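See structure below.
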Amino acid sequence: MRKTVICLMLLFVLVGCTEGPLASPRPPLPGLTVGQQDVPVYQSNYCWKSGKKDSCVDFISPPSQVRTENPGIVPAQATMTIHFRKEPKSGTLQVNEWISTNKAKPVTVQDSSFVLPKSKGLHIYSFSAEWEEGTANYVCKVYIE
């Protein structure tokens, strides 16, 4: 009985000395809006560190990643805004529009926002930024009316 109590106490001390959860560190998911409407956004590739833990994760190409996801329905030529809880390093936010499964073109970004095209149909965007903790990529799919 005494050995059991000592072992349990030792176990509690050891567990109490470990750092946080066992999950790998992940960057925060930003918000996307067009006007007052939220647009679904998905985590893509990232390398992130938190405390003594580092994690790098690769996803499939953005068009393949959102292939089965429902798009956000948005008006043509509306402004899409990316909302970060913690602002990325200045000048590191980049946005691309995917024009095929493996080809993208850059989109002009100003103040974490960009203007959607007037061409109707499905459009896929990926965006990336850099923080002290690492880099992160995200993807979204919209249907322009």
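The values are calculated or read from the model by the stated rules, or taken from the named source; none is laboratory data. Note that this is a predicted model, so its numbers are computed, not measured. Glycine also receives a Cβ, built like all others from the backbone with ideal geometry; neighbour counts cover every protein chain displayed. Heavy atoms of the whole protein, side chains included, go into the accessibility calculation; ligands, DNA and RNA do not. Shrake-Rupley method; radii C 1.70, N 1.55, O 1.52, S 1.80 Å.
Worth a mention:
- Local electrostatic count at Pro30 - Lys and Arg +1, Asp and Glu -1, tallied over other residues with Cβ under 12 Å: 0
- Fraction of accessible area attributable to carbon and sulfur, segment 25-144 (%, probe 1.4 Å): 48
- Dipole magnitude of segment 25-144 about its Cα centre (Cβ charges: Lys, Arg +1; Asp, Glu -1), debye to nearest 20: 180
- Debye log10 I(q)/I(0) for segment 25-144, one point scatterer per Cα, at q = 0.14 Å⁻¹: -0.56
- Accessible surface, per residue, of segment 25-144 when the full set of protein chains is kept, probe 1.4 Å, Å²: 57
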